[in-house]
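Participant: Provided herewith is a single structure, encoded as structure tokens, for subsequent inquiry.
Bear in mind these aren't lab numbers, they're just calculated from the coordinates by the rules spelled out. Just so it is clear, the structure is predicted and the values come from calculations on it, not from any experiment. Backbone-built Cβ (ideal geometry, glycine too); neighbour counts: all protein chains shown.
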Amino acid sequence: MVKLSKGETNELLQKISEDNQTYGLIFKLIYVYGKDARSILTLKWSEVNLKKDNIRFKNEFFPLLPMLKKDFESLTYSGTYVFLEDDNDNLDNRVDIYRKKLRYYLNDKIKQLDLPLRVKHVGLSITDLRRLRGQHLLIDGVDLSIIKKLYLQKEGTTTQFKKYLCFDDLNRLKYPCDDMEVLFRDYTDLCIFDLHEYDDGDLQLVVTDHEDFETLVSIDDGVLVFMDSSVPKEYVDKISEIYNGGLLGNLGVLKSSEFKLVDGLSFIRL
């Protein structure tokens with residue numbers, strides 16, 4: 001089953017990053033790219049292309065998100081590996097030691113962070129975090145074949161992979177997606193927004209472009225209402241066009257603090 005919602009997972013990753021930037025990046029990479037801890041811990045600088053904005057796993061290239069690129073740029077380039085020191089010790093031993101540190105962090109340190117009790121005590125493992133990415137994508141409507149490509153699953157593994165994701169237990173198909181570029185463009189966002197400051201039951205959505213724009217809107221009897229009269233006309237027109245085009249019709253399936261990305265804007269359910 002799904003241990004954390006997409007919004008809860010995003011909040012968790014944000015709080016980890018604030019507490020330990022390196023661990024935060026590792027956990028983000030595990031989640032975003034659906035990779036096991038070893039694949040991330042043995043990532044080499046030669047596999048991260050900050051100029052072309054891509055990242056490589058087993059000779060397969062994936063888009064490097066701007067928020068992850070910024071994290072990479074904050075690290076010190078000091079050797080072959082991004083997260084491991086260059087030395088003569090056995091690589092497997094070094095990976096195991098680091099992985100144990102990550103497990104300890106998830107099991108113990110995380111309980112000290114400013115997180116909801118449910119997130120703190122959900123009992124999340126590294127494997128769970130990896131699995132959540134595929135589950136969230138399925139729930140959002142991404143085609144299973146694209147998710148298999150993200151996870152670098154071989155042919156003939158569909159049945160086993162479905163069991164891994166608890167496929168039959170998931171409520172799927174919000175917005176169909178069958179393209180890897182679209183997956184990273186419209187279905188991948190680690191931005192967290194503090195929605196608790198808005199204490200008005202009539203307000204339903206926060207709309208933001210993650211840069212310099214954020215506003216509140218309400219949908220009342222099918223009518224889109226802007227709660228802030230100072231919203232620039234370009235955003236009023238864009239949001240209205242998206243709403244009138246029917247792309248927000250099933251926001252009711254989102255839980256509080258979860259979001260849908262449409263044309264560069266996030267529509268976040270309160």
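Participant: Summing +1 for each Lys or Arg and -1 for each Asp or Glu, what net charge is found among the other residues whose Cβ lies under 10 Å from the Cβ of residue 150?
Facilitator: Working: positive: 35, 133, 148, 149; negative: 60.
Taking every Cβ under 10 Å from that of residue 150, the sum is +3.
Participant: Can you tell me the 0 to 90 degree angle between the C-alpha axis of helix 126-140 and the longest principal axis of the chain, rounded to 10?
Facilitator: Helix 126-140 sits at roughly 30 degrees to that axis.
Participant: Using Cα atoms only, what is the angle between the long axis of helix 91-107 and the major principal axis of the chain, expressed in degrees (0 to 90) to the nearest 10?
Facilitator: Helix 91-107 sits at roughly 40 degrees to that axis.
Participant: Okay, next question. Tell me, what is the percent relative contact order of segment 48-162, built from C-alpha pairs under 8 Å that lie six or more residues apart?
Facilitator: Numbers: 44 pairs, mean separation 11.3, N = 115.
Here the relative contact order equals 10 percent.
Participant: Follow-up. Which of 168, 19, 128 ends up with the largest GNM mean-square fluctuation for the chain, with Cα atoms connected below 10 Å?
Facilitator: Of 168, 19, 128, the Gaussian network model singles out 168 as fluctuating most.
Participant: To the nearest 20 Debye, how big is the dipole of the chain about its Cα centre, given +1 on the beta carbon of each Lys and Arg and -1 on that of each Asp and Glu?
Facilitator: That gives a dipole near 1600 debye.
Participant: Over the chain, what is the mean sequence separation of C-alpha contacts under 8 Å (at least six apart), divided by residue count, expressed as relative contact order in percent?
Facilitator: So the answer I get is 19 percent.
Participant: Right, here's the next one. Can you list the residues, at least 5 places off or on another chain, whose amide H is less than 5 Å from the amide H of residue 4, using H built in the peptide plane?
Facilitator: The answer is none.
Participant: Sticking with this structure for a sec: Helix 21-33 versus the longest principal axis of the chain: what is the Cα-based angle in degrees, 0 to 90, to the nearest 10?
Facilitator: 80 degrees
Participant: Rg(Cα) of the chain divided by 2.2 N^0.38 Å?
Facilitator: Values: Rg = 19.6 Å, N = 270, 2.2 N^0.38 = 18.5 Å.
The chain yields a ratio of 1.06.
Participant: Still on this structure, I have one more. I'm a student and want to see the number: the projected area of the Cα convex hull of segment 38-123, averaged over all directions, in nm².
Facilitator: If I average the Cα hull's projected area over directions, I get 7.3 nm².
Participant: Return the subset of 69/238; 35/154; 35/162; 69/260 for which the Cα-Cα distance in this structure is over 18 Å, preserving the input order.
Facilitator: Table pairs above 18 Å Cα-Cα are 69/238; 69/260.
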